[in-house]
Amino acid sequence: MGKLETIWVKRAKRGVMDQVETATLVEGRGVQGSADQGGKRQVTILSKEVWEDLMAQFNSDLDPATRRANLLVSGIDLEETRGKTLCVGDCQIRIYFETAPCERMDEAIMGLQAVMRSNWKGGAFGEVVKEGEIQVGDVVTWLE
């Protein structure tokens, strides 16, 4: 069983990531108020443990908001989870694929992008299949 550690909403493409305590996931759309709506990449998810391991490799304390994901979760392994359904509180997100790291990772720490390319270290993305409210501290599990 995992936990929702942080929620971010992206106001605009390449825009600031706003950290919030609660958010609404909208079925078929994504995070309400976020710049990325619709398609398969409605919600992006990052593992807290993976981020901490990456930062240890680079001897850095870079904020996980740098990754530009919507959700930071702990206690959940995202690797090779395509097709699985992640439950966040009462909401559900069907994982579509891993989130490929972009050049902005190298802008933050040179070499980070390459390291994140293996084993889903960039996180995962998916589509909202059951909407509702989420809040920091919600339980995160895989749907059996």
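The values are calculated or read from the model by the stated rules, or taken from the named source; none is laboratory data. Given the structure is predicted, the values throughout are model-derived calculations rather than measurements. Neighbour counts run over all protein chains shown; Cβ positions are idealised from the backbone, glycine included. Heads up: the accessible areas ignore ligands, DNA and RNA and are worked out on the full protein's heavy atoms, side chains in. Shrake-Rupley method; radii C 1.70, N 1.55, O 1.52, S 1.80 Å.
Scanning the stretch 80-128 for residues that are of a type in the set (Asp, Glu) and outside any loop (DSSP other than H, G, I, E, B) returns GLU98, GLU103, ASP106, GLU107, GLU127. Which of the residues belonging to the stretch 62-79 are part of a loop (DSSP other than H, G, I, E, B), modelled with pLDDT under 95 and either out of contact with any strand residue (DSSP E or B) (no Cβ under 7 Å at 6 or more places or on another chain) or closer than 16 Å to ASN119 by Cα (or both)? Correct list: LEU62, ASP63.
Among the residues making up the stretch 72-115, those that are acidic (Asp, Glu) and under 22 Å from GLU5 (Cβ atoms) are ASP77, GLU79, GLU80, ASP90, GLU98. Taken together, the residues in the stretch 15-55 that are open to solvent by less than 40 Å² (accessible area, probe 1.4 Å), of a type in the set (A, V, I, L, M) and part of a helix (DSSP H, G or I) amount to 2.
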